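Asks: My questions all concern the structure below.
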Amino acid sequence: MTEWTAASPGAMPYAGPPPAPFASPYLVVDRIPEIEPYVVNINKAKAGAIWGTFVAFIVLLWIGLIISAFAATEELNPLSIMLLPALISIGVNCFIWYTVVSGGPQLAMNPYGMWIRVRKWPVKALFLPWDSIERIYVRRVGLVDRALCVQPRDPRAGSGLGTFANWEQSLQQAFTGAQLTASVRFADRPEPEIMGAVSHFAAGRVWLG
């Protein structure tokens, strides 16, 4: 496992107790601090390649449907009927990609706890002390993604951030069993390294796996 010491790239020595704001498991900020010893960002090239392929597939699918509709009818203009839903579906997928890659880091860790995004847009991030986390594990999400799943001891952690956040966390709960997740498939660091950092910084205070 990688040794996260003061000499390691990106590491920062810690001395004494954490600053007062870190004492609350419900501290919510607009962006995860990038000065932490271990920070995980989204790999924009990887995310762009996967989402770009998906959007290209949708575009080709709609083109095929429009061509088929032109061939099947002579009374209606299928282009005027199908153009709006085609643009909406493409726009929704482009927006999802934007929320994934924007807003800074998605995860960060230090000896006192973990930062994790709790809302993708507008971005909100939550700080959880290690002692407030029950379990951390990795689960597959859909066809291509894998997520680092975080289960706080207090289920209220990360709540009260609006309808979009509640909807997103409900979906994450349904698919992964945890309301708080971070992608490891689209991360700029490999999954084994991320889990190694979790194990190192949690130091036995969290159930892993």
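Asks: It is to be established whether one or more residues within the stretch 109-121 are β-branched (V, I, T), under 18 Å from I35 (Cα atoms) and crowded, with 21+ Cβ neighbours inside 10 Å.
Replies: Yes, some residue in the stretch 109-121 is β-branched (V, I, T), under 18 Å from I35 (Cα atoms) and crowded, with 21+ Cβ neighbours inside 10 Å.
Asks: Do the conditions hold for A45, that is, is it within 16 Å of the chain's Cα centre (by Cα), of a type in the set (A, V, I, L, M, F, W, C), outside any helix (DSSP H, G or I) and at pLDDT 70 or above?
Replies: On the way: within 16 Å of the chain's Cα centre (by Cα): yes; of a type in the set (A, V, I, L, M, F, W, C): yes; outside any helix (DSSP H, G or I): no; at pLDDT 70 or above: yes.
Spelling it out, it is not the case that A45 is within 16 Å of the chain's Cα centre (by Cα), of a type in the set (A, V, I, L, M, F, W, C), outside any helix (DSSP H, G or I) and at pLDDT 70 or above.
Asks: Then there is this: Among the residues of the stretch 118-127, which ones are in contact with a helix residue (DSSP H, G or I) (Cβ under 6 Å, 6 or more places away or on another chain) and assigned to a loop (DSSP other than H, G, I, E, B)?
Replies: Listed by number, the list holds a single entry, W121.
Asks: Moving on. Among what's in the stretch 128-179 and is part of a helix (DSSP H, G or I) and in contact (Cβ under 8 Å) with a residue 60 or more places away in the chain, pick the residue that is nearest to N110 (Cα to Cα).
Replies: If we take residues in the stretch 128-179 being part of a helix (DSSP H, G or I) and in contact (Cβ under 8 Å) with a residue 60 or more places away in the chain, then W130 is nearest to N110 (Cα to Cα).
Asks: Looking at (1) out of contact with any Gly (no Cβ under 6 Å at 6 or more places or on another chain); (2) modelled with pLDDT of 85 or more, which is the only condition G103 fails?
Replies: It fails just one condition, (2).
Asks: For the structure I just gave you, tell me whether W115 is under 17 Å from R31 (Cβ atoms) and in contact with a Ser or Thr (Cβ under 6 Å, 6 or more places away or on another chain). Let's see the steps before the verdict.
Replies: On the way: under 17 Å from R31 (Cβ atoms): yes; in contact with a Ser or Thr (Cβ under 6 Å, 6 or more places away or on another chain): no.
It is false that W115 is under 17 Å from R31 (Cβ atoms) and in contact with a Ser or Thr (Cβ under 6 Å, 6 or more places away or on another chain).
Asks: Do the conditions hold for A182, that is, is it assigned by TED's automatic domain parsing to the domain that holds R117, modelled with pLDDT of 90 or more and not in a helix (DSSP H, G or I)? Step through it out loud before you land on a result.
Replies: Values: assigned by TED's automatic domain parsing to the domain that holds R117: yes; modelled with pLDDT of 90 or more: yes; not in a helix (DSSP H, G or I): yes.
Taking the combined requirement at face value, the residue satisfies it.
Asks: If you don't mind, there's one more thing I want to ask. How many of the residues in the stretch 139-150 are surrounded by fewer than 19 Cβ atoms within 10 Å (Cβ to Cβ) and either at pLDDT 95 or above or among the charged types (D, E, K, R) (or both)?
Replies: Count: 4.
Asks: Sticking with this structure for a sec: Is it fair to say F127 is surrounded by fewer than 19 Cβ atoms within 10 Å (Cβ to Cβ) and not polar (S, T, N, Q)? Lay out the reasoning, then the answer.
Replies: Working: surrounded by fewer than 19 Cβ atoms within 10 Å (Cβ to Cβ): no; not polar (S, T, N, Q): yes.
It is false that F127 is surrounded by fewer than 19 Cβ atoms within 10 Å (Cβ to Cβ) and not polar (S, T, N, Q).
Asks: Given the structure, is L161 over 12 Å from the mean Cα position of the chain (by Cα), under 25 Å from K46 (Cβ atoms), of a type in the set (A, V, I, L, M, F, W, C) and surrounded by fewer than 19 Cβ atoms within 10 Å (Cβ to Cβ)?
Replies: no
Asks: Moving to a separate point now. Test P37 against the stated conditions and say whether it is within 29 Å of E134 (Cβ to Cβ) and either touching a Pro at 6+ places or on another chain (Cβ under 9 Å) or at pLDDT below 90 (or both).
Replies: yes
Asks: Every residue in the stretch 158-170 that is closer than 23 Å to D131 by Cβ and either in contact with a helix residue (DSSP H, G or I) (Cβ under 7 Å, 6 or more places away or on another chain) or aromatic (F, W, Y) (or both), please.
Replies: Passing the criteria: only G158.
Asks: Being among the small types (G, A, S) and surrounded by 13 or more Cβ atoms within 10 Å (Cβ to Cβ) is the filter; apply it to the stretch 164-184 and report the residue that is farthest from W207 (Cα to Cα).
Replies: Per the criteria, the residue is A165.
Asks: Is it fair to say A187 is assigned by TED's automatic domain parsing to the domain that holds Y38 and either crowded, with 17+ Cβ neighbours inside 10 Å or touching a Lys or Arg at 6+ places or on another chain (Cβ under 6 Å) (or both)?
Replies: yes
The values are calculated or read from the model by the stated rules, or taken from the named source; none is laboratory data. Just so it is clear, the model here is predicted, and its values are computed rather than measured. Every residue, glycine as well, gets a Cβ built from its backbone with ideal geometry; the counts of neighbours run over all protein chains shown.
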